[in-house]
Structure formats: C-alpha cells, structure tokens
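**Q** Can you read through this structure? Questions will come right after.
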Amino acid sequence: MMFTTHIVFALFSGLLFLNFFPIKEKWLFLVFVIASSFIPDIDHPRAKLGRKVKLVAFLFKHRGFFHSMLFLALLEFLLLFSKSNLLFYSIILGISSHILLDALTRKGIMPFYPLTKFRIRGYVETNALAEKIIFIILVIGILCLALGNV
C-alpha cells in the first residue's frame, strides 16, 4: 500500500481503538500510532523511512522480518520495559495496521518469517483503483469516528 493509505488506516485504527486503551494523552496516542505505522517499511529503500536508514534496507528483505509476527513480538517484549501504556499500545497498533494493510496486497506478507516463507496475499494492487477506493472509505470512516468523538 502507499504511504498515504498507511497514514489514513493508522489514524482510522487509532480513532477506532482510542477509548479501548487506558490512555490519557489521546492526541499524542494518535500521533504515535501514525508515526509507528511507517516502521515496517524501514526495509524498503524507496520508502520515506527506508531512505533515511539505508543500511536497514540493504540488510533486510522488504516485507520480510519487519512485516512479521516475530518482529511484532520482539517489539512488544521491548516495549513492556518502557512501562508506558501510551508507547506500548500506540506503537503496536501502528505497526499492526501497516502489516494488516500490506497483507491485503498481491505481494502480501510473510507473517512467520524467517521461520517459514508462507505468504498471506490479498487482491489489492498497490496504488491502483482498489487502493484508492479503500483510501476514500477510510477517510469517510475517520470523519465519522472524529465527529462521533467530538
């Protein structure tokens, strides 16, 4: 999926789960959800974050480790030491939203990488009509959720 679709899905997810987590700083939570949704593409040399950290993109296969449940589990373990509900919930939600969206694409993801190369694939072509329709639906969803939370 494209960068902007990841942003709107992260915001949609953040708004959807905003009241389910024990978070006081709700706006900061949403900012962290959106920012952390960029993390899985750190291994893509043309992604916004991947261009900044070129060594990671050189060392790791795109949609490999950083799109896996192993990465998510390791991150959850590390975030437990932060003792911050804000960091824990927002970062896990942001990364999960990214992985979920990429699972819908034709390239898919390997959720159990590096243990197996089993791939989950969807039918959405990146930056094609279906993704643009998803984007519009998410923007409408964000408006509905935002107006409902005002």
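**Q** Could you look through segment 72-91, keep only residues that are touching a residue at least 24 places away in the same chain (Cβ under 8 Å) and surrounded by fewer than 20 Cβ atoms within 10 Å (Cβ to Cβ), and pick out the one that is nearest to Ala35 (Cα to Cα)?
**A** Within segment 72-91, the match that is nearest to Ala35 (Cα to Cα) is Leu87.
**Q** Another question, then. Given the criterion at pLDDT 90 or above and touching a Leu at 6+ places or on another chain (Cβ under 6 Å), identify the matching residue among Val139, Val124.
**A** Being at pLDDT 90 or above and touching a Leu at 6+ places or on another chain (Cβ under 6 Å) holds for just one of Val139, Val124, which is Val124.
**Q** Report, by residue number, each residue of segment 107-127 that is surrounded by 12 or more Cβ atoms within 10 Å (Cβ to Cβ) and either assigned to a helix (DSSP H, G or I) or without any contact (Cβ under 8 Å) to a residue 60 or more places away in the chain (or both).
**A** If the condition is that a residue be surrounded by 12 or more Cβ atoms within 10 Å (Cβ to Cβ) and either assigned to a helix (DSSP H, G or I) or without any contact (Cβ under 8 Å) to a residue 60 or more places away in the chain (or both), then Lys107, Gly108, Ile109, Met110, Pro111, Phe112, Tyr113, Arg119, Ile120, Arg121, Gly122, Glu125 are the ones that fit.
**Q** Here is a follow-up. Listed residues Lys48, Lys107, Lys83; which is out of contact with any Cys (no Cβ under 9 Å at 6 or more places or on another chain) and over 27 Å from Phe135 (Cβ atoms)?
**A** Selected residue: Lys83, the only one of Lys48, Lys107, Lys83 that is out of contact with any Cys (no Cβ under 9 Å at 6 or more places or on another chain) and over 27 Å from Phe135 (Cβ atoms).
The values are calculated or read from the model by the stated rules, or taken from the named source; none is laboratory data. All values derive from a computational prediction rather than experimental measurement. Cβ atoms come from the backbone with ideal geometry, glycine included; neighbour counts cover every protein chain shown.
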